[in-house]
Amino acid sequence: MLISKTPRLAVIGLGFIGLPLSLSYAMKGASVIGIDVLEDHVNDINAAKCHFHEQYQGKSLAEILSEQLAQGRFQATTSYEQAANEVDHYIITVGLPVHNQDPDLRYLNAACETLATVLKKGDTVVVRSTVIPGTTEDIVLPLLEKSGLKAGVDFYLAYSSERIAEGRAFEEFIHMPLAVGGVTDESAQRAKQLLSFVTEAEITVSEIKIVETAKVIENIQRDVNIAMVQEFARFSEKLGIDTFELIRIANTHKRVNLLTPGPGVGGYCLPNALYYLLTKAKELQVPVPLLETARKTNDQVPQVLVEMLQEKLEEVGKSLASSKIAVLGLAMKDFSNDDRISPPHHFVQLLLDSGADVSAYDPAVKAAYPYRVSSLEEAVTKADALVYVTVQEEFLEIDWLALSEKMASQPVFLDAKNRVPKTVNQYGNLIRI
């Protein structure tokens with residue numbers, strides 16, 4: 001055995017990935033310390049306060065957190081020194097935000113620099129953040145070696161893809177296959193054993209740069225697939241056929257797996273993935289025009305929706321600038337409370353720029369915005385149009401006739417999720433992507 005049967009580990013970064021990952025280890029019996037630089041966030045976590053939309057075996061993340069805190073298997077801290085006295089393994093889940101198409105490594109760098117001040121001989125460090133290919137060896141390794149320890153000799157360094165989908169984190173930490181690479185074979189094997197404490201699926205060992213790049217292109221291929229079906233959607237709209245039925249029929253072919261179009265591509269992973277690759281591609285002078293075109297296509301979808309809405313409003317004698325628009329959903333994907341890089345926000349901003357009065361409602365998103373209202377009724381009352389962009393549980397039970405009666409005359413419904421029944425055409429004007 002390379003590591004103990006019940007590892008002692010710290011997870012650095014307690015966001016949408018790091019917190020459920022920490023609790024996944026704790027539920028299996030590991031001793032876990034979560035490290036985050038945000039003191040208020042740490043205090044909330046230690047008080048069992050968390051609003052991430054995750055659940056496992058009928059329990060919410062907040063309930064799981066409360067249990068693991070009570071059992072003493074998990075705690076959160078801002079102190080690397082506290083963690084170093086109690087753990088032998090570190091998993092880094094700090095994100096690399098993208099600003100103006102440029103990945104920002106400051107948070108990852110800061111985490112590594114601080115970790116270097118407490119790193120001990122024999123420790124294992126596994127990077128699970130999505131990164132620019134080459135980051136682990138070219139940036140993380142030298143920062144950690146500021147400790148005076150040598151990677152692969154005094155401590156063990158590896159990279160493993162994080163592949164979970166928010167909302168299914170606990171299940172996918174267990175059942176999603178992983179890939180891992182280490183700076184040495186022993187580093188890879190130690191990381192594999194640490195990961196297998198939670199992950200029951202296959203864990204494949206390869207080179208670090210291959211694993212880093214694979215993670216990025218896994219996300220990019222979905223971005224490209226979505227861009228492709230967005231173009232199919234524009235074609236089917238002009239042809240007068242149902243886009244979702246078109247895709248359903250095409251997918252009856254055993255070698256076809258088209259995704260479905262929506263209001264755009266959001267979240268932290270897919271929209272950023274190209275820019276992690278593009279940074280290295282430019283350095284290597286490798287053009288990736290197809291990938292860049294797909295990203296632009298997906299970025300432009302909110303503008304396409306605005307134009308569709310404006311055209312339909314004008315058909316019923318209204319203008320976008322003088323209309324109230326109800327927007328259902330602000331999260332970046334269905335049944336989520338994560339509204340980072342969310343297409344609905346982009347869509348709302350375009351509406352506001354056009355002079356429209358916007359009332360957006362999403363029961364899962366707690367952040368305050370000037371256009372966010374507190375109820376579905378408030379959003380739709382006297383609205384000239386309703387745009388359905390994100391599915392939430394509350395929206396599954398909508399009485400569309402009753403809702404339409406609260407709206408202005410000749411209401412327009414723009415359905416970006418294939419959720420509004422066609423019967424609304426009896427008392428409104430329905431358009432679908």
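Annotations for the structure displayed:
- Selection of region 1-29 for residues being surrounded by fewer than 23 Cβ atoms within 10 Å (Cβ to Cβ) and under 25 Å from Glu186 (Cβ atoms) yields Met1, Leu2, Ile3, Ser4, Lys5, Thr6, Pro7, Arg8, Lys28, Gly29.
A quick yes/no check of all residues on (1) surrounded by fewer than 24 Cβ atoms within 10 Å (Cβ to Cβ); (2) polar (S, T, N, Q):
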{"residue": "Phe347", "(1), (2)": "no, no"}
{"residue": "Gly355", "(1), (2)": "yes, no"}
{"residue": "Ala360", "(1), (2)": "no, no"}
{"residue": "Pro370", "(1), (2)": "yes, no"}
{"residue": "Thr381", "(1), (2)": "yes, yes"}
{"residue": "Thr390", "(1), (2)": "no, yes"}
{"residue": "Trp400", "(1), (2)": "yes, no"}
{"residue": "Glu405", "(1), (2)": "yes, no"}
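- Restricting attention to region 103-120, the residues that are in contact with a helix residue (DSSP H, G or I) (Cβ under 9 Å, 6 or more places away or on another chain) and either basic (Lys, Arg) or outside any helix (DSSP H, G or I) (or both) total 6.
- Leu19 meets each of the listed conditions (1) under 27 Å from Ala165 (Cβ atoms); (2) in a loop (DSSP other than H, G, I, E, B); (3) not acidic (Asp, Glu) apart from (2).
- Residue list for region 106-144, restricted to those being surrounded by fewer than 20 Cβ atoms within 10 Å (Cβ to Cβ) and under 22 Å from the mean Cα position of the chain (by Cα): Arg106, Tyr107, Asn109
- Yes/no for Ala191 being assigned to a helix (DSSP H, G or I) and over 30 Å from Asp334 (Cβ atoms): yes
- Cβ-Cβ contacts under 6 Å between residues 6 or more apart (or on different chains), taken from a first residue in region 160-188 that is closer than 22 Å to Glu207 by Cα to a second residue that is of a type in the set (Asp, Glu), are listed as Ile164/Glu172; Pro177/Glu202; Gly181/Glu207.
- Residues that are of a type in the set (Gly, Ala, Ser), within 16 Å of the chain's Cα centre (by Cα) and crowded, with 16+ Cβ neighbours inside 10 Å, drawn from region 160-175: Ser161, Gly167, Ala169
- Note on region 58-93: residues that are in contact (Cβ under 8 Å) with a residue 60 or more places away in the chain and surrounded by fewer than 16 Cβ atoms within 10 Å (Cβ to Cβ) total 1.
- Looking only at region 176-191, and only at residues there that are among the hydrophobic types (A, V, I, L, M, F, W, C) and crowded, with 19+ Cβ neighbours inside 10 Å, the one that is farthest from Gly29 (Cα to Cα): Val183
- Criterion: modelled with pLDDT under 95 and not aromatic (Phe, Trp, Tyr) - qualifying residue of Glu231, Glu237, Glu207: Glu237
- Criterion: farther than 20 Å from Lys209 by Cβ, buried (at least 19 other Cβ atoms within 10 Å of the Cβ) and at pLDDT 95 or above - qualifying residue of Leu194, Leu157: Leu194
- Scanning region 151-164 for residues that are farther than 14 Å from Ser129 by Cα and either in a helix (DSSP H, G or I) or of a type in the set (Gly, Ala, Ser) (or both) gives Ala151, Gly152.
The values are calculated or read from the model by the stated rules, or taken from the named source; none is laboratory data. Bear in mind that the values here come from a model prediction, so they are computed numbers and not experimental data. Here Cβ is always computed from backbone atoms with ideal geometry, including for glycine, and neighbour counts include all displayed protein chains.
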